[in-house]
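Nothing in this text is a laboratory measurement; each read-out follows from the coordinates by a stated rule. The structure displayed is predicted, hence computed values, not measured ones. In this analysis, Cβ positions are derived from the backbone assuming ideal geometry, glycine residues included, and neighbour counts consider all displayed protein chains.
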Amino acid sequence: MIITRSMDMSRTPSLDLVSLPRRQPATVAGIDWARLAAPEARRLRELGFDEGVSVEVLHRASLGSGPIACRIGRMTVALRRAKVGNYPGVTVERHSGRLVLDDGRPVELIDLPGAYSLEPSSPDERVTRDVVTGASSLERLPDALVVVVDAANLDNHLRFTLQLIALGLPVVVALNMVDLAERDGLTLDAAVLERELGVPVIATVAVRKRGLDGLRAALGSILVGGAATRLRPSDGSIDDDIVTLQRRARQIAAAATVSETAGRRWAHALDAVALHPVAGPLLLVTILFVMFQAVFTWATVPADAIDAGFGALQDAIKSAMPDGFVRSLLTDGLIAGVGAVIVFLPQILILFLFILVLESSGYMVRAAFLMDRARWPVYTLIIGAMIPNTPLLPFVRLQGVVMFGLLITGIAGAYVAALILRRTVTKGASSGFMMEMPKYQMPRMRDVALGLWQRAVIFLKRAGTIIAATTVVLWLLLSFPKPPEGSGISPVDYSVAGRIGHGIEYVVKPIGFNRDIALALLPAMAAREVAVSAIGTVYAIDDKDGSGTDRITDQIRGRWTLPTALAFLMWFVFAPQCISTIAVTRRETNGWKWPLFMVGYLFAAAYVMAGITFWLATFAGL
C-alpha cells in the first residue's frame with residue numbers, strides 16, 4: 001500500500017480494505033480505531049494512514065513477509081513508510097516519514113544526509129547545514145533535531161553534536177549501535193553523556209528497534225509548548241574552532257566511558273604514536289623504507305624465473321618459425337613487449353602483500369590520514385626495469401632507495417602544487433579533514449591471499465588487453481617501412497614511429513631523454529606500464545645482431561646513464577595520468593578548461609623536475 005498526502009480529494013464512503021480491488025485507488029473516509037489493538041493503531045498513525053489519505057492496495061502478503069506490515073481486520077497489507085525524493089538543484093535524496101508521539105500528535109521526520117561538521121565539504125553536507133540553520137529555501141527550520149551518533153566512534157560524532165546543540169534548537173541524541181560497541185568491549189553511560197551534553201540521550205539499536213519508544217517519549221517531551229525557537233538564516237555559527245570542539249568531544253566521550261577492554265586501550269596507545277604529527281610520519285617512513293627494500297630483494301628469484309621462461313618461449317618460436325611478419329609480431333612485439341611487463345609481477349605482488357597486510361590490520365587508514373598512497377605499482381614496475389639493484393649498505397639496495405625517494409618527492413611535490421593552486425586559481429575558504437579509523441586487528445591470511453590473487457588477475461588482464469593492444473600498434477609503427485637491405489640503417493630509426501620519436505627527442509633532449517624514451521612517452525598515455533613494454537619492443541626490433549641480449553634491464557643498463565633513468569622516473573612522478581583520468585576530469589568538470597589546465601601544468605612540472613633531476617645527478621657524477 002502506497003501512502004501519499006491528498007488534501008484536495010473529496011471523501012468517499014468508508015471502504016472495507018478486504019474487498020478493495022487490486023490496484024484500485026481510494027480515499028480513506030474513516031477508521032474504527034476502537035477495533036484495532038493499540039500497537040496496530042499507533043503503527044497506522046505513524047505511517048500516515050488516516051482520514052483523507054489516498055491509498056492503493058498493491059499486494060496481499062502474509063504477516064511479517066514485508067519490511068513494514070500491518071493487520072487491518074482479517075487482511076495484512078504491506079506499507080511503505082518513507083517518501084523519497086530529491087532536493088531541487090542537487091542530487092541529494094530527501095527521505096521523509098510520519099511519526100505519532102505518545103500523546104497522539106503527528107510529526108514529520110526528515111532524514112538529512114550524514115555530516116561531520118557545519119562546514120560543508122559536499123552537496124550532501126551543504127543541504128544538512130542549510131536545513132538545520134534555517135538557511136534552506138527548500139525546507140523550513142525544523143522544530144527539533146534527533147542526532148544519531150555511533151556509540152563506537154563517539155568522540156568523532158560528538159564534535160558535530162556540539163555544533164548542533166549550540167544552534168539553540170531542541171535536541172535529542174540517539175546513542176545508536178550500543179550493542180556493537182559492547183561487543184567490541186566498550187560500555188557507555190547514557191546518563192553521564194546526557195549530563196555532559198545537557199540534552200536527552202537515548203541508547204538505541206535501530207536495526208532491532210531497541211530504544212525507539214524512549215526516543216519517541218524524549219522527542220515528545222522537548223516539543224511541549226509548541227514550536228521551537230526560530231533562528232535567523234545567518235545564525236548557527238559558534239565561537240569554538242575545530243580543535244577546541246574535538247578536544248571537548250574527546251573529554252565528554254572519556255567521561256561517558258564506563259569500561260573498555262585492554263584491546264581498545266592498546267588501540268588508543270598505538271594511535272597516540274601512529275597519528276602523532278612527529279612520531280607518526282617517522283613510523284610510516286620506517287615501514288615504507290623496509291617495504292621497498294623487501295619488494296626488490298625478495299622478487300629477484302621469481303622474476304628471473306619468469307624472464308627465463310619468456311626467453312625460452314622466444315627461442316622456441318624463433319626455432320620453429322621462419323623469419324617473417326608473424327614471428328616478429330610474436331617475438332619482437334608481444335613477448336618482448338608484454339613479457340617485459342609480466343616479468344615484474346613478483347615485485348607487484350610483494351608490494352601488494354605489504355599493502356594488504358597493512359590495510360587489513362587497520363594501519364593503512366592511519367597512514368592515509370598522514371599522506372595519500374602514491375602510484376606504487378607503477379613505480380615498482382619502472383624502477384625494476386630501469387634502475388640497477390646495486391648494493392649500497394648491508395640490506396640496503398639502490399632500487400628501494402630510489403622508490404623511497406620518489407615517494408617522498410611525490411608527496412612534497414603534491415603539497416607544493418596544492419599550496420600554489422590554493423593561493424592562485426583555486427582560492428577559497430579552508431575546511432577541516434576528518435576520517436573514521438577502523439579498529440586494529442590481525443590480518444586474515446585467507447583475505448590477504450584472495451587479495452593477492454585478485455591483484456594478479458587484474459595485472460595480467462591489463463597486460464593482455466591494454467598493454468598488448470598498445471604494444472601491437474607500436475610494433476607495427478616500428479616495423480614499417482623497413483630499411484633497404486644492407487643499408488646498415490636501424491629498423492627503428494627508419495620506421496614511422498622512429499621518425500616521430502626523433503622529432504620528440506629534440507624537445508626532451510635537454511632533460512636527458514633519448515630516442516627510446518621519446519618513443520615511450522606517447523603510448524604511456526594509454527597506461528603507465530606501456531612505457532616498459534614500448535622500450536622492450538624498441539630494443540627487440542633493434543637487436544638484430546644475434547647477441548641475445550633481449551632482457552630489457554640489460555639493454556637499459558647498456559644504453560642509459562643513471563641520470564637519464566632517474567630523470568625518466570621523475571617524469572612519471574609529475575606527468576599526467578593516463579587518458580582515462582583526463583576523460584574522467586572532463587566529465588566531472590563538465591568542460592575542457594580544467595582538464596587542459598591540469599594536463600598543461602603537470603607536463604610543465606614533469607619537464608622541469610626531470611631536467612633538474614638529470615642535471616643534478618650529472619653534476620654529482622652518478
Rounded to two decimal places and with Rh computed the Kirkwood way over Cα pairs, what is Rg over Rh for region 319-478? 1.07
Please compare each pair in Lys461/Lys482; Lys318/Lys482; Lys439/Lys461; Lys318/Lys461 to a cut-off of 29 Å on the Cα-Cα distance and tell me which ones are over it. Lys461/Lys482; Lys439/Lys461
If packing is taken as the average count of other Cβ atoms within 10 Å, what order do 589-602, 190-203 fall into, highest mean first? 190-203, 589-602
Assuming R0 = 41 Å, can you tell me the calculated FRET efficiency for the pair Ala217 and Glu260, based on Cβ-Cβ distance, to the nearest 0.05? 0.90
In region 87-260, what % of DSSP beta bridges are antiparallel (nearest 5)? 55 percent
For Val243 and Leu596, extending 7 Å from Cα along the Cα-Cβ vector and measuring point to point gives, in nm, a value of 4.3 nm
Determine ³J(HN,Hα), in whole Hz, for all residues of region 150-155 in sequence, where each value follows from phi through the Karplus function 6.51 cos²θ - 1.76 cosθ + 1.60 and θ = phi - 60°; x replaces Gly and Pro. 8, 4, 7, 10, 5, 5
Peptides 256-262, 354-360 ordered by average Cβ neighbours within 10 Å, highest first: 354-360, 256-262
Taking the simple approach of a point 7 Å from Cα along Cα-to-Cβ for both Thr561 and Ile306, what is their distance in nm? 3.2 nm
Hey, could you get me the Stokes-Einstein D for region 87-260, Kirkwood radius over alpha-carbon pairs, 10 °C and 1.306 mPa s, rounded to whole µm² s⁻¹? 94 µm²/s
Largest-first ellipsoid semi-axes for region 487-622, taking √(5λ) over the Cα gyration tensor eigenvalues, angstrom: 29, 19, 13
Put +1 on the Cβ of each Lys and Arg and -1 on the Cβ of each Asp and Glu in region 87-260; which of Val258, Leu101, Leu162 then has its Cα farthest toward the positive end of the dipole? Leu101
Counting only other residues whose beta carbon sits under 15 Å from that of Leu476, what net charge do I get with K and R as +1, D and E as -1? +2
Non-local residues with an amide H under 5 Å from the amide H of Ala203, with H modelled 1.01 Å from N and Pro and chain starts lacking one, are Leu175
Hey, can you rank 553-564, 341-352 by average C-beta count inside 10 Å, highest first? 341-352, 553-564
For Leu141, other-chain or 5+-apart residues with amide H closer than 5 Å (H placed, Pro excluded) are none
The extension gain from Ala144 to Asp103, computed as 0.36 nm times the residue separation minus the Cα-Cα distance, is 13.1 nm
Around Leu109, which amide H atoms from residues at least 5 apart in sequence, or from another chain, sit under 5 Å from its own amide H, with H modelled in the peptide plane? Gly97, Arg98, Leu99
Formal net charge of residues neighbouring Trp266 (Cβ-Cβ distance under 12 Å; K, R +1; D, E -1): +1
Contour excess over end-to-end distance, with Cα ends at Leu450 and Val285 and 0.36 nm allotted per residue: 56.7 nm
Gain in length, Met437 to Lys482, computed as 0.36 nm per residue apart minus the alpha-carbon separation, to one decimal in nm? 10.2 nm
Taking alpha-carbon centroids only, region 558-599 lies from region 193-223 a number of Å equal to 53 Å
Which distance in nm do the two modelled labels at Leu421 and Arg210 give, with both placed 7 Å along the Cα-to-Cβ direction? 4.7 nm
